[in-house]
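A.B. asks: Can you read through this structure? Questions will come right after.
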Amino acid sequence: MKNIKGIRAQFPILERVTPTGKPLIYLDSAATALKPQCVIDAVTDVLTNRTANIHRSVHFLGDEATELYESTRDIVAAFIGSEANEIVFLRNTTEGLNLVAKAFSGKGRIISSVGEHHSNYLPWQEHDVHRLSLDDNGDINWFELEQELSQGDVALVSLAHSSNVTGYMLDLEKLVNMCHSSGAKVMIDGAQSIPHTQIDVAKIQCDFLVFSGHKLGAPSGVGVLFGKAELLEEMDYWLHGGSTVESVTQHSIEAKNSPWKFEAGTPAIESVVGLQAAILFLLDLGMDNVESHFKSLSEYTSICLRENLPLVNVIGGIDKLQGPFSLTLPGISPHIVARGLSDRYGICLRSGFHCAQPLHDFYNVGASIRLSFWLYNTKDEIEQAIKGVANFINLVK
Ligand code: PMP
């Protein structure tokens, strides 16, 4: 990334010194991304100058808050190539996946995979679901998918675009073509891919896409469900209350159109406005630049791992095109390493199953330690983290 110094300067938390007096090295962006100053400013501005509820208060503050909230819908739509009325604001990816799962209850068979995040695994427990197996790189078994589709009655195929453990990027065009030719709808869990990949739903033609604002620099509390207009219109909403109806009398209820019928109660207004700022920040940097920086950090991680940790198992293989990188370590608990990296070197990364326990189970591996990066990270930080992990492994040899 050109001007990485200038980019880092826009993330005030990177100035922080850790409790043990080290500069912060943040390699946990797959869990949540750091927030740039423009997002902090946008949220502060709403809280300081524009506090009002939306869609109801007829005063100038209500107008301004509503305008900011609704203009975010336009910006998200432009960002992913949809129409504004196809964008639903929910709390996070998890809520979007659950909403669609509930709407598809009893509508036919579901296909997903063993590699999904728990948020795209557990909502299907009550459905007639088939979970595809994976190959050694983390790709789905396409032959199995074809066979399952050919049996008919598949209502929906729900898969992650990019795994939060292996980083494997699914071929979306191939997936959608295959599923649509069998009459199945497709939902993409874009939680991990959208922060570093340009997604154009008009081109891909997926039926649903879900992602969380907090993984692309926005505050937590807002997630996006994209759904094709005609599908959202016929879908049931599950939360009922203020903002979901045009009118209610003692004898009748007239629901609002989508997307508003799905946004019950007062939403996370300041988080939505923060999402707008985060997307404008990314567009200003250019998604192409963000993506190529991500790929070059991934390439460097493979090289650095080979040099420093040749015996460590990388789930989904070491030569991946895109992170994150999840490592299972010989003879030492990943939690102890993560704690030690934080306390000794100021390095923050994640240990455990990363909410993808069935994936670890499928590959028959234990908990792992995960390095995940984003647009503010440098090769030097990755090298320090990998050398730090190597130090801990050497200690227990
Ligand atoms: N899917 C994937 C692939 C994820 O990585 C995550 C978050 N780790 C989720 C879903 C859930 O996202 P959230 O917690 O924001 O709902």
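A.B. asks: Being crowded, with 20+ Cβ neighbours inside 10 Å, within 16 Å of the ligand (Cβ to nearest atom), within 27 Å of residue 358 (Cβ to Cβ) and of a type outside the set (Gly, Ala, Ser) narrows it down to one of 114, 100, 88, so name that one.
C.D. replies: 100
A.B. asks: Another one. Quick one: which of 348, 355, 304 is in contact with a helix residue (DSSP H, G or I) (Cβ under 7 Å, 6 or more places away or on another chain) and farther than 15 Å from residue 384 by Cα?
C.D. replies: Of 348, 355, 304, the one residue that is in contact with a helix residue (DSSP H, G or I) (Cβ under 7 Å, 6 or more places away or on another chain) and farther than 15 Å from residue 384 by Cα is 355.
A.B. asks: Quick check on residue 156: is it buried (at least 21 other Cβ atoms within 10 Å of the Cβ), aliphatic (A, V, I, L, M) and either modelled with pLDDT of 95 or more or touching a Leu at 6+ places or on another chain (Cβ under 8 Å) (or both)?
C.D. replies: On the way: buried (at least 21 other Cβ atoms within 10 Å of the Cβ): yes; aliphatic (A, V, I, L, M): yes; either modelled with pLDDT of 95 or more or touching a Leu at 6+ places or on another chain (Cβ under 8 Å) (or both): yes.
Judged against the criteria, residue 156 is a match.
A.B. asks: Evaluate region 109-123: report whether one residue or more is over 27 Å from residue 349 (Cα atoms), aliphatic (A, V, I, L, M) and in contact with a His (Cβ under 9 Å, 6 or more places away or on another chain).
C.D. replies: yes
This table checks each residue for (1) more than 29 Å from residue 282 (Cβ to Cβ); (2) touching a Leu at 6+ places or on another chain (Cβ under 7 Å).
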residue: 342; (1), (2): no, no
residue: 346; (1), (2): no, yes
residue: 370; (1), (2): no, yes
residue: 373; (1), (2): no, yes
residue: 378; (1), (2): no, no
residue: 384; (1), (2): no, no
residue: 395; (1), (2): yes, no
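A.B. asks: Out of the strands (runs of 3 or more DSSP E) lying entirely within region 75-163, which hold 2 or more residues that are β-branched (Val, Ile, Thr) and touching a residue at least 12 places away in the same chain (Cβ under 8 Å)?
C.D. replies: By residue number, 87-90, 109-113, 154-160.
A.B. asks: Further, regarding this structure: Within the bounds of region 248-257, is there any residue that is more than 19 Å from the chain's Cα centre (by Cα), more than 16 Å from the ligand (Cβ to nearest atom) and within 29 Å of residue 3 (Cβ to Cβ)? Before the answer, list the steps.
C.D. replies: Restricting attention to region 248-257, the residues satisfying the condition of being more than 19 Å from the chain's Cα centre (by Cα) are 248-257.
Next, from what is left, pick out any that are more than 16 Å from the ligand (Cβ to nearest atom): 248-257.
Keeping just the survivors that are within 29 Å of residue 3 (Cβ to Cβ) gives none.
The answer is no, given that none of the residues of region 248-257 is more than 19 Å from the chain's Cα centre (by Cα), more than 16 Å from the ligand (Cβ to nearest atom) and within 29 Å of residue 3 (Cβ to Cβ).
A.B. asks: Name every residue in region 117-138 that is over 18 Å from the mean Cα position of the chain (by Cα) and either closer than 20 Å to residue 236 by Cβ or within 16 Å of the ligand (Cβ to nearest atom) (or both), in order of residue number.
C.D. replies: Listed by number, the residues that qualify are 124, 125, 126, 127, 128, 129, 131, 132, 134.
A.B. asks: Could you list, in sequence order, the residues of region 194-217 that are among the polar types (S, T, N, Q) and surrounded by 24 or more Cβ atoms within 10 Å (Cβ to Cβ)?
C.D. replies: Selection gives 212 alone.
A.B. asks: Looking at the structure I just gave you, is residue 318 of a type outside the set (Lys, Arg) and touching a strand residue (DSSP E or B) at 6+ places or on another chain (Cβ under 9 Å)? Let's see the steps before the verdict.
C.D. replies: Values: of a type outside the set (Lys, Arg): yes; touching a strand residue (DSSP E or B) at 6+ places or on another chain (Cβ under 9 Å): yes.
Considered against the rule, which asks whether it is of a type outside the set (Lys, Arg) and touching a strand residue (DSSP E or B) at 6+ places or on another chain (Cβ under 9 Å), residue 318 comes out as yes.
A.B. asks: Among residues belonging to region 54-69 that are surrounded by 15 or more Cβ atoms within 10 Å (Cβ to Cβ) and not in a loop (DSSP other than H, G, I, E, B), point out the one that is nearest to the ligand (Cβ to nearest atom).
C.D. replies: Restricting to residues being surrounded by 15 or more Cβ atoms within 10 Å (Cβ to Cβ) and not in a loop (DSSP other than H, G, I, E, B), the top hit is 69.
A.B. asks: If you don't mind, there's one more thing I want to ask. Checking the conditions here, which among 305, 309, 280 is closer than 19 Å to residue 211 by Cβ, touching a residue at least 12 places away in the same chain (Cβ under 8 Å) and either surrounded by fewer than 22 Cβ atoms within 10 Å (Cβ to Cβ) or among the β-branched types (Val, Ile, Thr) (or both)?
C.D. replies: 280
A.B. asks: Looking at region 8-15, is at least one residue touching a residue at least 40 places away in the same chain (Cβ under 8 Å), within 17 Å of residue 188 (Cα to Cα), in a helix (DSSP H, G or I) and not β-branched (Val, Ile, Thr)?
C.D. replies: Checked region 8-15: no residue is touching a residue at least 40 places away in the same chain (Cβ under 8 Å), within 17 Å of residue 188 (Cα to Cα), in a helix (DSSP H, G or I) and not β-branched (Val, Ile, Thr).
A.B. asks: Another question, if that's okay. Using beta carbons and a limit of 8 Å, which pairs, at least six apart or on different chains, have the first residue in region 31-53 and part of a loop (DSSP other than H, G, I, E, B) and the second one exposed (fewer than 15 other Cβ atoms within 10 Å of the Cβ)?
C.D. replies: 34/13; 35/13; 50/61; 51/61; 52/59; 52/61; 53/266
A.B. asks: Determine if region 276-295 includes at least one residue that is over 19 Å from residue 193 (Cβ atoms) and either touching a strand residue (DSSP E or B) at 6+ places or on another chain (Cβ under 6 Å) or among the hydroxyl-bearing types (Ser, Thr, Tyr) (or both).
C.D. replies: Within region 276-295, none of the residues are over 19 Å from residue 193 (Cβ atoms) and either touching a strand residue (DSSP E or B) at 6+ places or on another chain (Cβ under 6 Å) or among the hydroxyl-bearing types (Ser, Thr, Tyr) (or both).
Per-residue answers, yes or no, for (1) at pLDDT 95 or above; (2) over 30 Å from residue 326 (Cβ atoms):
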{"site": "19", "(1), (2)": "no, no"}
{"site": "22", "(1), (2)": "no, no"}
{"site": "28", "(1), (2)": "yes, no"}
{"site": "34", "(1), (2)": "yes, no"}
{"site": "38", "(1), (2)": "yes, yes"}
{"site": "49", "(1), (2)": "yes, yes"}
{"site": "57", "(1), (2)": "no, yes"}
{"site": "65", "(1), (2)": "yes, yes"}
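A.B. asks: Those residues that are of a type outside the set (Phe, Trp, Tyr) and touching a strand residue (DSSP E or B) at 6+ places or on another chain (Cβ under 8 Å), I need them from region 206-217; list them, please.
C.D. replies: Just the residues of region 206-217 that are of a type outside the set (Phe, Trp, Tyr), to begin with: 206-207, 209-210, 212-217.
Listed by number, the residues that qualify are 206, 207, 209, 210, 212, 213.
A.B. asks: Ok, one more. If I filter region 170-195 down to residues being of a type in the set (A, V, I, L, M, F, W, C), within 12 Å of the ligand (Cβ to nearest atom) and outside any loop (DSSP other than H, G, I, E, B), which single residue comes out as farthest from residue 216 (Cα to Cα)? Give the derivation first.
C.D. replies: Filtering region 170-195 down to residues of a type in the set (A, V, I, L, M, F, W, C) leaves 170, 172, 175-176, 178-179, 184, 186-188, 191, 194.
If we keep only those that are within 12 Å of the ligand (Cβ to nearest atom) too, we end up with 170, 187-188, 191, 194.
Then keep just the ones that are outside any loop (DSSP other than H, G, I, E, B); that gives 187-188.
Details: 187: 20, 188: 17 Å.
This residue is 187.
A.B. asks: Could I ask something else about it? For the subset of region 201-230 comprising residues that are more than 10 Å from the ligand (Cβ to nearest atom), under 12 Å from the mean Cα position of the chain (by Cα) and in a strand (DSSP E or B), which member is nearest to residue 280 (Cα to Cα)?
C.D. replies: 224
The values are calculated or read from the model by the stated rules, or taken from the named source; none is laboratory data. Nothing here was measured: the structure is a model prediction, and the numbers come from that model. For neighbour counting, all protein chains shown are included, and Cβ atoms are generated from backbone atoms with ideal geometry for every residue, glycine included.
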